[in-house]
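Below: the structure, in structure tokens.
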Amino acid sequence: MKSKKILAALMAGAVALCSSGCTIGGDKSWCAKSGDTQLPAGVYIYELFSAYNQAKTKAGYTTYMDMKAQTIDGKDAFTWTKDTAKNSINQIFVIDDMMKDLNLTLSDDDNKTISTEMDSAWNGSSSNAGYGSTLEKYNIAKSSFQIAYAEYYVKYEKVFEAIYGQGGSKEISADDQKAYFEKNFASFEMVPVSLYSMDSSTGSYSVMSDDDKAKIKAELEGYANEVKSGKKSMSDVGTDYMNAHSDTVTASPYQDVTTDLETSGLPTDVVTGIQNMNGGDVQVLDIGSYYILVSKRDIKTQTDTELQKEQTKLSVLNGLKGDEFQQDIEQKAENYTNATYNIACINAYTPDLFYTAPSSSAAASSEDTSSEGTSSTSDAVSSTSSAA
């Protein structure tokens with residue numbers, strides 16, 4: 001009798017979950033479909049992985065924290081993670097539908113961008129580890145990552161430009177673009193110098209002594225005076241610095257930058273320092289771990305040239321309407337009714353895949369009670385012979 005009651009409860013739960021469109025069966029190879037598009041299970045696992053990490057960030061996660069006990073935006077963390085992953089899946093369908101409605105297709109250049117971005121994100125580089133080795137642990141195939149990551153964002157950008165760019169239904173005027181650019185962007189050249197020294201025999205780094213820091217600052221201030229006088233360009237300074245420190249510097253540190261400072265990703269101290277400079281100023285910024293020689297341009301001298309560049313125009317449009325567009329896509333995804341979800345897949349892959357019990361002795365009981373769910377989910381993953 002007990003087993004029948006459990007089965008009845010599980011079936012009732014399945015019916016409730018499927019009220020917005022689901023199919024019940026044993027095939028876990030796909031997660032959702034809409035129209036002619038069927039997404040592999042790996043796309044859902046990736047969105048679940050991404051949502052779980054967002055939940056950890058929102059919760060201020062530490063290794064002593066039990067994510068199963070956390071509340072995110074009024075929901076328990078695991079429910080929030082699953083709901084967010086589903087919304088992300090729906091966003092893929094929403095963008096695909098908008099591509100069709102706007103008669104947009106991926107060009108050869110778009111596909112090259114997708115391929116390049118994929119290889120970079122999956123494999124990484126000499127200075128950045130790729131996502132591939134981590135995602136493969138969770139049975140996420142490179143092809144699934146491509147759909148959820150590179151393909152999605154290229155399509156997202158195309159739809160955004162089609163709506164807010166020239167000729168779009170919500171076209172942003174040239175005057176508004178110009179005003180935003182001149183208020184929020186900065187154009188500057190810089191030569192950043194790390195204040196850490198490297199031991200060439202061991203490859204280890206250590207903070208420079210105060211005497212060495214003082215010598216570097218004096219050197220950069222000397223270069224600043226030469227730039228101010230017109231004796232040298234900032235590019236010249238980068239080359240000169242490389243040659244003077246060839247034992248530790250193998251490439252010119254010179255950089256030419258035009259960017260929206262608030263979204264640039266530059267350290268706050270750098271952003272503040274550049275914002276406080278006037279066009280034409282040349283000075284050395286001290287941000288603790290770096291000295292940065294900066295020569296700032298008058299942004300108005302760059303407006304016409306920069307707004308001819310597609311990437312700059314996209315950055316301006318994103319600054320003006322990026323949040324509005326993202327909220328619109330999220331809301332459309334929340335109300336999306338054209339998707340059918342595969343309940344076998346959704347139930348097989350849960351946030352337990354990524355859960356780590358808290359590393360305190362008080363959490364031992366929590367670890368014990370969660371082990372069954374974690375084991376069953378791991379079994380579901382390992383039962384699939386190839387990445388999803």
Return the carbon/sulfur percentage of the accessible area of the chain, one whole number, probe 1.4 Å, all protein chains in place.
46
Heavy-atom accessible area of Leu106 with all protein chains present, probe 1.4 Å, nearest 10 Å²?
50
Taking only protein heavy atoms and a 1.4 Å probe, what accessible area per residue, in Å², does the chain have with all protein chains in place?
55
Per the helix-only calculation at 222 nm, which mean residue ellipticity applies to the chain, given -39500 (n - 2.57) for every DSSP H run of n ≥ 4 and division by its residues, nearest 500 deg cm²/dmol?
-16500 deg cm²/dmol
Between Leu307, Ala41, Ala121, whose Cα lies farthest towards the positive end of the dipole of the chain when Lys and Arg beta carbons carry +1 and Asp and Glu beta carbons carry -1, centred on the Cα centre?
Ala41
Please work out which option in (i) 90, 58, 37; (ii) 97, 53, 32; (iii) 90, 52, 38 gives Cα extents along the principal axes in Å calculated from these coordinates, and answer with its label.
(i)
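Assign unit charges at the C-beta atoms only (+1 for Lys and Arg, -1 for Asp and Glu), then state the dipole size of the chain relative to its Cα centre in Debye, rounded to the nearest 20. Could you put the intermediate results ahead of the total?
Working: 33 positive and 54 negative charges, 245 e Å.
Result for the chain is approximately 1180 debye, rounded to the nearest 20.
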Hey, got a sec? Which trypsin sites (Lys or Arg not before Pro) in segment 191-284 land in a DSSP loop and have at most 12 other Cβ atoms within 10 Å?
Lys231
Principal axis dimensions, largest first and in whole angstrom, of segment 169-264 by Cα
61, 35, 23
Pairs of lysines 8 or more apart, or on different chains, with alpha carbons under 29 Å: count those in segment 177-251, would you?
11
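The values are calculated or read from the model by the stated rules, or taken from the named source; none is laboratory data. These numbers were taken from a predicted model, which means no experiment stands behind them. Because the Cβ atoms are built from the backbone with ideal geometry, glycine has one as well, and the counts that use them run over all protein chains shown. The accessibility values were calculated without ligands, DNA or RNA, using every heavy atom of the protein model including side chains. Shrake-Rupley method; radii C 1.70, N 1.55, O 1.52, S 1.80 Å.
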